[in-house]
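Down below is the structure, laid out as structure tokens.
The values are calculated or read from the model by the stated rules, or taken from the named source; none is laboratory data. All values derive from a computational prediction rather than experimental measurement. Note: ideal-geometry Cβ built from the backbone for every residue, glycine included; neighbour counts use all protein chains shown.
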Amino acid sequence: MAGTSKSYWRKTGGAGDVNTANYTEKTAIGPGGTPVTYKVYELHQYNPGENYPVIDPVTGICLSRPGMDAEYYEQGPEHGDGGPQINGNPVGPPPPPSPTYNLTTTPTTVDEGAQVTVTLATTNVTAGTVIGYTITGIQGADLSSGALTGNFTVNNNTASTTFTLSEDLITEGVETITFSLNNSQASLSITVNDTSTYPVPVLTVTDSVDSTYANPDVDLSVAAITSATSYEFQRSTDSNFTSPDVLQNTTTATYEDTGPEVGTYYYRARAHYTGGASDWSTITQVDVELWSPEETTTLAWYDASDTESITADTNNKVTQWNDKSGNDYHMAPQASAAHTGGPVTGSETINGLNTLKFADSCLESPPFPDAGGWDHNGSDGLIFMAFMVHFQYDATQRFIFTSTETTASRNGVVIRADGTIRTFCKEGTSNKLPIIHSGLTTTNPEDHMFVVRFNGTTGGAAFYYGNTSFASDNTGDGKIDKPVLGHFEGEGQQEFNGNISELVVFNNGVQRPFVESYLAHKWGSADKLRSGHQTSNAPRVVKINP
């Protein structure tokens, strides 16, 4: 700002003259970078030429007479000693204003295929200035232009550039772009979501089971993908694929997983490409289960391993053993018999499965709703009853099963005092007892699986562990109604002493070997199946759970 007149000193030949001059205040950078205000004087025309100070036209600083400011001349050096000074310290002109740089973009998180605009805002930058930039964190192929460098041209302190992210169909995961000015004055980060990945194959899982159910297959396939170089199929016993089996990784888009054992399996697939691999397909769960009677039509089915089909009292005595066939032929203790009630559940197991312990106990079905029973001599055709029992022979006649439709015609299964298991048929006063199995011993309890066939007056047969020797005889023409387990009503105390684990009643002879194998494998007696039994491998079914 302009000031008033003020005296100043100047030296000339040792004598000081006092003159008066107007002054202007100026600012310069002093010691330590601190701004300092000083005064520049306009000298009167006194001793023209020699004594006029030379003033810098830009800064206004007195160059030839730095000491002419009377306020600091008295404390500073004499004029002419080394340039502009304040209080003995050199000073310079105020620096020009510093430029600033700022980069922005919205949004800062984008998907592949998006267009991104980056704006540069500046201050104190001359119009037309070119400022370079560099993009890092991705490859040129990730941009539609392929260019990872470029330039801003500043105009009115602003500039912008736009680039497009490529949808490259490559699985890379989330990427971070760093956009930086080449002068290192500003940068920003942009997050790119990997939304354009390698095509993921769609896994299809089907099953194929042969006529014996012994070797089920799990068939895997994916639709061919033009750019894929191979297809990988994996199987695991846990859904996290902690230690998966690589079933195949070839150009073939199908795979047949042959004969998996009983268990739960998880399958997935992915495609491989020149630059990498796709994500995994959706996981498909497959349960390979032992063939069970639910795969066929049954007349009745009692399964002690299914504890939900059993109700019991507080002493674990069975009050009802439910029929799983859906025909509701549920069994309950016989109220009028001289025994202690139903068998005991939950106290013994066979092959790790719950079984019912019979000892002075029995169960029976109420008379069938149609009052006709199973007609093995007529409309129902052959009647098969498959048993899994466990007992120790004690040289006493004991009844495993009987049917009490009439006293004139009864069918059943009995353990005879001579150490044999026999089918039983009573017609009037005549008893027919074809042998199922002989040679029982009193040494150790044994498991026994047998299938009894009732075939009317044309003959009956029994199959022990699927053997080929048939014990044929007349099985009578009485219908099987009101079946009883563990007791023969009217024959005294001849209750069965042992375990009954399962009973399956059916009339489809084709299913017989499957029922035999099912019971033998389930209850741990597969080693007793005859050599060459058509389902010596456990019959299995495949259940696919997407």
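Starting from residues that are among the small types (Gly, Ala, Ser) and under 18 Å from Arg540 (Cβ atoms), keep the ones in region 246-277 and report whichever is modelled with the highest pLDDT. Even if it seems obvious, please write down each step before you answer.
Our first condition is that a residue be among the small types (Gly, Ala, Ser); within region 246-277, this holds for 253, 259, 263, 269, 271, 275-277.
This time we only want the ones that are under 18 Å from Arg540 (Cβ atoms), so: 259, 263.
On the way: Gly259: 85, Gly263: 93.
Checking each candidate, the answer is Gly263.
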- Message: If the requirement is being assigned to a loop (DSSP other than H, G, I, E, B), more than 20 Å from Tyr329 (Cα to Cα) and at pLDDT below 90, which of these qualifies: Asp394, Asp380?
- Response: Asp394
- Message: Could you go through region 177-194 and let me know if any residue there is touching a helix residue (DSSP H, G or I) at 6+ places or on another chain (Cβ under 9 Å), without any contact (Cβ under 8 Å) to a residue 40 or more places away in the chain and surrounded by 17 or more Cβ atoms within 10 Å (Cβ to Cβ).
- Response: no
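Sort out which residues of region 142-195 are under 36 Å from the mean Cα position of the chain (by Cα), of a type outside the set (A, V, I, L, M, F, W, C) and part of a strand (DSSP E or B), and write them in order of number. Walk me through how you get there before you give the answer.
The initial filter retains those residues of region 142-195 that are under 36 Å from the mean Cα position of the chain (by Cα), namely 142-144, 164-178, 189-195.
Checking which are of a type outside the set (A, V, I, L, M, F, W, C) leaves us with 142, 144, 164, 166-168, 171-173, 175-176, 178, 189, 191, 193-195.
Thr164, Glu175, Thr176, Thr178, Ser189, Thr191, Asn193, listed by residue number.
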- Select from region 98-124 the residues that are outside any strand (DSSP E or B) and touching a strand residue (DSSP E or B) at 6+ places or on another chain (Cβ under 8 Å) and write down the one among them that is surrounded by the fewest Cβ atoms within 10 Å (Cβ to Cβ). Asn124
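Quick check on region 219-232. Is at least one of its residues in contact with an Asp or Glu (Cβ under 7 Å, 6 or more places away or on another chain) and outside any strand (DSSP E or B)?
First, the residues of region 219-232 that are in contact with an Asp or Glu (Cβ under 7 Å, 6 or more places away or on another chain): 219-220.
Subset that is outside any strand (DSSP E or B): none.
No, every residue in region 219-232 fails to be in contact with an Asp or Glu (Cβ under 7 Å, 6 or more places away or on another chain) and outside any strand (DSSP E or B).
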- Message: Is it the case, given these coordinates, that Thr134 is modelled with pLDDT of 95 or more, assigned to a strand (DSSP E or B) and either surrounded by 14 or more Cβ atoms within 10 Å (Cβ to Cβ) or out of contact with any strand residue (DSSP E or B) (no Cβ under 9 Å at 6 or more places or on another chain) (or both)?
- Response: no
- In region 201-237, how many residues are out of contact with any strand residue (DSSP E or B) (no Cβ under 7 Å at 6 or more places or on another chain) and more than 14 Å from Pro260 (Cα to Cα)? 5
